[in-house]
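Engineer: Take this structure first; my questions come after.
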Amino acid sequence: MPDLADRVAIVTGGSRGIGRAIVHRLREEGARVASFDVIPPDPGEPFDAPDLHVDCDVTDGAAVAAATVRVAEQLGAPATILVNNAGVNAYADAATMGDEEWDAFFALDLKACWLTARAALPQMRAAGRGAIVNVSSIHATLTQRGRFPYAAAKAGIVGLTRSLALDEGPNGIRANAVCPGLIDTQLAREGFARDGGHVTVEQLASDQPVGRVGRPLDVAHTVAFLASDEKAGFVNGASIAVDGGVGARLS
């Protein structure tokens, strides 16, 4: 029987890219999966669509709470797996970034992880089990010039994950983070295009220690592992790099 055959999962930002690959892998493992995303599922994606798509702004606490109740009603059980994947890139000058821009970015890339956990935790506690997987980035610990405030938000996700792991472990709930490196997604390619197209995903492949850039499924496989109580039942509070070895290099 698949590892997650009796589980319901929520994946934020599950309509495309890494999120859509995570939806696919969790469904392969037998979970019923709901995606919270303001973008409809992309029919052009090579991966499965979710069992339930909820048009939900994950920066809105009331909307997240209502969506979490809807998942339990429509998928037949409360969610005991939560994957916080929704996020955007934001690169700004610390001296000129505006208050509203800062607030909007952190609302999605950090605060939303708390809002979804706040909505899901009572149901997980009642069930006596749960797995929260937060998608952070290698920029949480290893960053580059010009990456403000992206690195700050991703570091915040790692700190939030550790706190949840310690506080919720006695309730049977594990929390871990995945920290991807360069992953070939539409969002990444759009970012390179905005920078003038001087560097492409293909050009960066040779600079990766494994000789290629990451694929969405590389991240999704790790998320599926962490979601499994059987395979990762003693993994809690960890931050796992999925970066092809970039974090091991002194450069």
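Where a number appears in this text, it was derived from the coordinates with a stated rule and is not lab data. Everything quoted here is computed from the prediction, not taken from an experiment. For neighbour counting, all protein chains shown are included, and Cβ atoms are generated from backbone atoms with ideal geometry for every residue, glycine included.
Engineer: Put one equal scatterer on each alpha carbon of region 121-245, apply the Debye formula with no solvent term, and list log10 I(q)/I(0) at q = 0.13 1/Å to two decimals.
Structural biologist: The Cα Debye sum returns log10 ratios of -0.59.
Engineer: At 7 Å along the Cα-to-beta-carbon direction for both N89 and A126, put a label point, then send me their distance in nm to one decimal.
Structural biologist: 4.1
Engineer: Now for a separate question. Which helices pass in the chain if a helix is a full DSSP H run, must span at least 20 angstrom along its long axis by Cα, and must have mean Kyte-Doolittle hydropathy not below -1.0?
Structural biologist: Those that pass (Cα extent of 20 Å or more, hydropathy at least -1.0) are 61-75, 112-127, 150-168.
Engineer: Using only alpha-carbon positions, what ratio does the radius of gyration of region 1-45 give when scaled by 2.2 N^0.38 Å?
Structural biologist: Normalised by 2.2 N^0.38 Å, the Cα Rg of region 1-45 equals 1.11.
Engineer: Okay, moving on. For I39 and R212, FRET efficiency with R0 = 25 Å and r from the beta-carbon atoms, rounded to 0.05?
Structural biologist: Using R0 = 25 Å, I get an efficiency of 0.40.
Engineer: Right, another one. I'd like the antiparallel share, as a percent to the nearest 5, of DSSP beta bridges with both residues in the chain.
Structural biologist: Roughly 5 percent of the beta bridges in the chain run antiparallel, per DSSP.
Engineer: Can you give me the orientation-averaged projected area of the convex hull built on the Cα atoms of region 18-159, in nm²?
Structural biologist: 9.4
Engineer: Is there a quick way to get the dipole size of region 148-251? I mean about its Cα centre, with the Cβ of Lys and Arg at +1 and of Asp and Glu at -1; what is the value in debye to the nearest 20?
Structural biologist: Charge dipole of region 148-251: 120 debye, to the nearest 20.
Engineer: Quote the Stokes-Einstein diffusion coefficient, in whole µm² s⁻¹, for region 115-187, based on the Kirkwood radius over alpha carbon pairs, a temperature of 4 °C and a viscosity of 1.567 mPa s.
Structural biologist: Using the Kirkwood radius from Cα pairs, D works out to 97 µm²/s.
Engineer: Work out, step by step, the length gained on full extension between L142 and A77: first 0.36 nm times the residue separation, then minus their alpha carbon distance; give nm to one decimal.
Structural biologist: In short, 19.5 nm is gained.
Engineer: Could you check how many percent of all C-alpha pairs in region 30-77 are farther apart than 16 Å?
Structural biologist: Tail of P(r) above 16 Å: 40 percent of Cα pairs.
Engineer: If you filter region 158-251 for chymotrypsin sites (Phe, Trp or Tyr not before Pro), then keep DSSP loop positions with at most 16 other Cβ within 10 Å, what is left?
Structural biologist: Those satisfying the criteria are F234.
Engineer: OK, next. At R0 = 35 Å, how high is the FRET efficiency between W102 and M1 if r is their beta carbon distance? Nearest 0.05 is fine.
Structural biologist: Plugging the Cβ-Cβ distance into 1/(1 + (r/R0)^6) gives 0.15.
Engineer: Over 32 Å apart: what share of the alpha carbon pairs of the chain falls there, rounded to a whole percent?
Structural biologist: Of the Cα pairs, 17 percent sit more than 32 Å apart.
Engineer: Still on this structure, I have one more. Semi-axes of the equivalent ellipsoid of region 1-87: what are they in whole Å, largest first, if each equals the square root of 5 times a C-alpha gyration tensor eigenvalue?
Structural biologist: Each semi-axis is the square root of five times an eigenvalue, giving 18, 17, 10 Å.
Engineer: Give, rounded to the nearest 20 debye, the magnitude of the charge dipole that region 23-117 has about its Cα centre when Lys and Arg contribute +1 at Cβ and Asp and Glu contribute -1 at Cβ.
Structural biologist: Dipole magnitude for region 23-117 comes out near 480 debye.
Engineer: Then there is this: Order of 88-99, 207-218 by packing, highest average Cβ count within 10 Å first?
Structural biologist: Peptide ranking by packing, descending: 207-218, 88-99.
Engineer: Suppose every K and R has +1 on its Cβ and every D and E has -1 on its Cβ; what is the size of the dipole of the chain about the Cα centre, in Debye to the nearest 20?
Structural biologist: The dipole magnitude comes to about 580 debye.
Engineer: Also, I was wondering about something else. Comparing A224, A238, A188, which has the greatest mean-square fluctuation in the GNM of the chain with Cα pairs linked when under 10 Å apart?
Structural biologist: Result: A188 has the largest fluctuation of those listed.
Engineer: Considering the options G13, V54, S206, tell which one lies farthest towards the positive end of the dipole of the chain, charges being +1 on Lys and Arg and -1 on Asp and Glu at the Cβ, about the Cα centre.
Structural biologist: Checked the options; the winner is S206.
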